[in-house]
Amino acid sequence: MSLKETVNNPYSKWLDASGPESDVVISSRVRLARNLAGFPFPHLLGHENADKVLYAVQSAINRQEVKETVGQLELYRMTELSPTERQILVEKHLISPDLLEQAEKRGVVLRADEVISVMVNEEDHLRIQCLLPGLQLKECWDMANTVDDALEQTLDFAFAEETGYLTACPTNVGTGLRASVMLHLPALVVTQQINAVLHSLSKLGLTVRGLYGEGTQATGNLFQVSNQVTLGLTEEEIIDNLVMVARQLANQERAARRALYREQQHQIEDRVWRAYGLLKYARTMTSGDAMTLLSDLRLGVDMGIIPGIPAGLIMELIVMTRPAFLNKLKGTELNPYQRDLCRATLIRERLNTISSG
Ligand SMILES: Nc1ncnc2c1ncn2[C@@H]1O[C@H](COP(=O)(O)OP(=O)(O)OP(=O)(O)O)[C@@H](O)[C@H]1O
């Protein structure tokens, strides 16, 4: 997939609703923060040095050895992309919203399947990211580690014997690793257990964020859980801890779904079928309503209440109904009302191509 395909296609490997525990665990991500020795951290980096970092990354990914171990990687400077294309990369979770600022100093490396991406000159010089569907943190770690090793053959990463990898923010020092899982927890929300569950995670050194990471709210009952501590634990320990917690959260969510079905079968059936009806027939739809209804529909599909709808399609609809995707689809900057019309039409058309119920 070229960049053109990436920004035109709402499909991303991590959204295909496959992988272990995918009825609750939407996706797994591992990112490694790395910096080049001899350069100031990005927030102190002038234009000339920012360019040097981009060139260094470009020549590292051009090496034959990197192509052989990691695959073909392409570097795009943010200035090569239109504002809509940049926003689409955020909507596909390939870059963070922060990378949109100071575009002239920044870039992104992508592998065609979108499983691997590297943000250049965001908070750190490199943020190597691997994103897979379902609970596949170990696989993400292995892949991110391979990319890290391949790049380290030519890039001199800042490293201190006592602390480990040096990072712009002290909270990332050591391994520079953040592992995260995106969880769909509608039954824990409906049964009002969610606050207690999330509160207990902070005691385990984990942090909970919204759909687009740091500083964003949870919508559509999607919660991103990641490690807070990067120092004093090995990478494997961080991954193992989070895998264990993710499995436990998935079991709690499933228990809440079973209890809901046992105790409020008609209410829950009514809720998910109503969501399906609105998604299939409504003429306008805000993004907030779309997230809520698509979350309910996904719950109905995962609980086996609504047959015949691929879970991957629901995830694709979540991405393709975001503002930048709609603008891209229509080839113009839509106002909020036009977007609501366009969103409803798109969802209706996609759901009416499949039959259910
Ligand atoms: N498990 C996941 N599945 C899909 N997308 C994810 C997942 N975890 C993180 N992301 C996405 O990655 C981007 C960055 O997230 P976040 O800000 O939490 O991480 P970070 O940049 O590594 O953290 P920090 O800057 O605090 O060290 C966001 O767009 C977020 O939605």
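The values are calculated or read from the model by the stated rules, or taken from the named source; none is laboratory data. These figures come from a predicted structure and were not determined experimentally. Please note: Cβ atoms are built from the backbone with ideal geometry, for glycine as well, and neighbour counts cover all protein chains shown.
Summary table
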| item | result |
| --- | --- |
| Any chance ARG178 is within 14 Å of the ligand (Cβ to nearest atom), assigned by TED's automatic domain parsing to the domain that holds SER27 and basic (Lys, Arg) | yes |
| Given (1) in contact with a strand residue (DSSP E or B) (Cβ under 6 Å, 6 or more places away or on another chain); (2) buried (at least 23 other Cβ atoms within 10 Å of the Cβ), number of the condition ARG209 does not satisfy | (2) |
| Criterion: surrounded by fewer than 15 Cβ atoms within 10 Å (Cβ to Cβ) and either within 25 Å of the chain's Cα centre (by Cα) or closer than 22 Å to THR191 by Cβ (or both) - qualifying residue of PRO336, PRO323, PRO307 | PRO336 |
| Criterion violated by GLY232 - all others in (1) small (Gly, Ala, Ser); (2) at negative phi; (3) in a loop (DSSP other than H, G, I, E, B) satisfied | (2) |
| Hits in segment 151-193 - residues which are under 19 Å from SER226 (Cβ atoms), surrounded by fewer than 21 Cβ atoms within 10 Å (Cβ to Cβ) and of a type in the set (Val, Ile, Thr) | THR171, VAL173 |
| Filter pass, GLU80 being among the acidic types (Asp, Glu), more than 27 Å from ASN227 (Cβ to Cβ) and surrounded by fewer than 18 Cβ atoms within 10 Å (Cβ to Cβ) | yes |
| Conditions (1) buried (at least 16 other Cβ atoms within 10 Å of the Cβ); (2) within 16 Å of the ligand (Cβ to nearest atom); (3) not aliphatic (A, V, I, L, M): number failed by HIS43 | (1) |
| Residue match in segment 51-60 (condition: under 30 Å from MET244 (Cα atoms), surrounded by fewer than 19 Cβ atoms within 10 Å (Cβ to Cβ) and not assigned by TED's automatic domain parsing to the domain that holds GLY331) | no |
| Subset of segment 1-23 that is polar (S, T, N, Q) and touching a Lys or Arg at 6+ places or on another chain (Cβ under 8 Å) - its residue that is surrounded by the fewest Cβ atoms within 10 Å (Cβ to Cβ) | ASN8 |
| Wholly within segment 101-213, helices (runs of 4 or more DSSP H) carrying at least 1 residues that are modelled with pLDDT of 95 or more | 137-152, 186-190 |
